[in-house]
1. Looking at this structure, is Val85 modelled with pLDDT of 95 or more, surrounded by 22 or more Cβ atoms within 10 Å (Cβ to Cβ) and within 16 Å of ligand 1 (Cβ to nearest atom)?
2. Suppose the filter is away from ligand 2 (no atom under 11 Å from the Cβ) and either in contact with a Lys or Arg (Cβ under 9 Å, 6 or more places away or on another chain) or charged (D, E, K, R) (or both); does Val5 pass it?
3. Looking only at the range 21-42, which residues are near ligand 2 (Cβ under 9 Å from one of its atoms) and crowded, with 23+ Cβ neighbours inside 10 Å?
4. Sort through Gly145, Gly193, Gly163, Gly167 and tell me the only one that's more than 16 Å from ligand 1 (Cβ to nearest atom), surrounded by 22 or more Cβ atoms within 10 Å (Cβ to Cβ) and not aromatic (Phe, Trp, Tyr).
5. Could you please find all residues in the range 112-142 being away from ligand 1 (no atom under 15 Å from the Cβ), acidic (Asp, Glu) and within 19 Å of Thr19 (Cα to Cα)?
6. Name, by its number, the condition in (1) polar (S, T, N, Q); (2) within 16 Å of ligand 1 (Cβ to nearest atom); (3) within 13 Å of the chain's Cα centre (by Cα) that does not hold for Asn150.
7. Restricting attention to the range 103-128, which residues are within 16 Å of ligand 2 (Cβ to nearest atom) and part of a helix (DSSP H, G or I)?
Amino acid sequence: MTGRVFAVASGKGGVGKTTTAVNLAAAMAEADRSVVLVDYDLGMANVGAVLDIEPGAATLHDVLAGEADALDAVVEAPGEFDVMVGGTNIEDFGRADPSGLREVAADLREEYDVTIVDTGGGLSHDTTVPLGLADDVLLVSTPQGAALENTAKSLELADRVGGDVTGLVLTRVGGGDADVEAAVEAVDAPLLGTIPEDGAVPDSEAAGEPLLVYAPENPAAQSYRELGYELLGESPPVSFRDGDEDGEVSPGAAFAEVADDVPEEESLLSRLTGGRLG
Ligand SMILES: Nc1ncnc2c1ncn2[C@@H]1O[C@H](COP(=O)(O)OP(=O)(O)OP(=O)(O)O)[C@@H](O)[C@H]1O
Ligand SMILES: [Mg+2]
């Protein structure tokens with residue numbers, strides 16, 4: 001198998017990378033892919049905390065130090081996907097060789113349909129490694145001016161290290177079209193999706209679950225689900241009635257009511273951009 005590798009990056013910290021990485025992992029798992037999420041924020045490993053999971057036999061830092069095999073550092077997360085958890089000791093940081101991610105990614109491509117690499121804030125050496133090796137770089141930004149400026153700079157840097165930037169994910173969007181328009185103008189990359197501000201996001205982190213598991217019908221969960229399916233080239237599950245006709249209980253039946261509001265014929269991108277991009 002040769003799986004696909006996504007890197008989730010941003011110019012500014014605290015804009016929603018980890019939330020995006022976790023929930024895209026959950027969405028792609030819902031789409032029946034085998035998924036592993038790599039917590040590549042080497043200085044400040046945080047996926048383990050957000051998903052409330054402990055490292056297994058080894059940590060990503062052990063793997064990057066050449067002391068363990070990639071698959072030894074993989075544990076199961078709530079949401080039907082696996083996670084490679086980083087170490088949290090300060091000594092771990094010194095031991096880990098960031099460029100070891102290349103080998104790790106090669107191993108994970110053999111085992112999983114999808115590898116999602118969550119990175120730290122900004123573009124340090126640590127983050128340029130995943131940008132260079134990913135098939136798809138997803139840039140995450142909030143709609144605020146400063147974050148967008150940093151995102152535009154990250155885009156340039158990603159290009160310089162040969163990163164394949166697939167596009168921008170706009171998070172914590174307040175509901176105004178103006179926000180989205182400003183982002184489309186500020187960043188010269190396709191807008192892949194917008195995720196609304198949703199108070200259930202911090203609640204899901206407190207519960208140690210992806211939002212897609214904690215509150216699967218919430219607006220941000222639906223947006224991450226749509227984005228996850230679309231990145232895989234599939235239509236998001238708009239209705240589950242097809243499954244019902246066969247007399248089967250569909251695992252996604254709970255979303256059908258919410259999803260009914262979504263016009264089927266229009267693509268996500270064209271809805272977000274008023275047809276400007278797709
Ligand atoms: N759609 C959303 N609605 C509300 N809050 C959100 C949303 N997305 C993220 N947050 C909150 O924003 C904060 C930062 O999110 P997150 O940890 O995902 O960012 P990050 O880019 O990974 O940060 P860092 O650069 O520190 O790793 C968290 O407290 C999270 O709960
Ligand atoms: Mg993070």
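The values are calculated or read from the model by the stated rules, or taken from the named source; none is laboratory data. The model shown is predicted, which means the values in this text are computed figures rather than measured ones. Here the Cβ positions follow ideal geometry from the backbone for every residue, glycine too, while neighbour counts run over all protein chains shown.
1. Against the criterion (modelled with pLDDT of 95 or more, surrounded by 22 or more Cβ atoms within 10 Å (Cβ to Cβ) and within 16 Å of ligand 1 (Cβ to nearest atom)), Val85 does not qualify.
2. When the stated conditions are applied, Val5 passes them.
3. Passing the criteria: Ala21, Asp39.
4. Gly163
5. Result: Asp136, single match.
6. (3)
7. Once the filter is applied, which keeps residues that are within 16 Å of ligand 2 (Cβ to nearest atom) and part of a helix (DSSP H, G or I), the range 103-128 yields Asp126, Thr127.
A quick yes/no check of all residues on (1) surrounded by fewer than 16 Cβ atoms within 10 Å (Cβ to Cβ); (2) within 13 Å of ligand 2 (Cβ to nearest atom); (3) assigned to a helix (DSSP H, G or I):
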position	(1), (2), (3)
Val15	no, yes, no
Thr19	no, yes, yes
Met44	yes, yes, no
Gly94	yes, no, yes
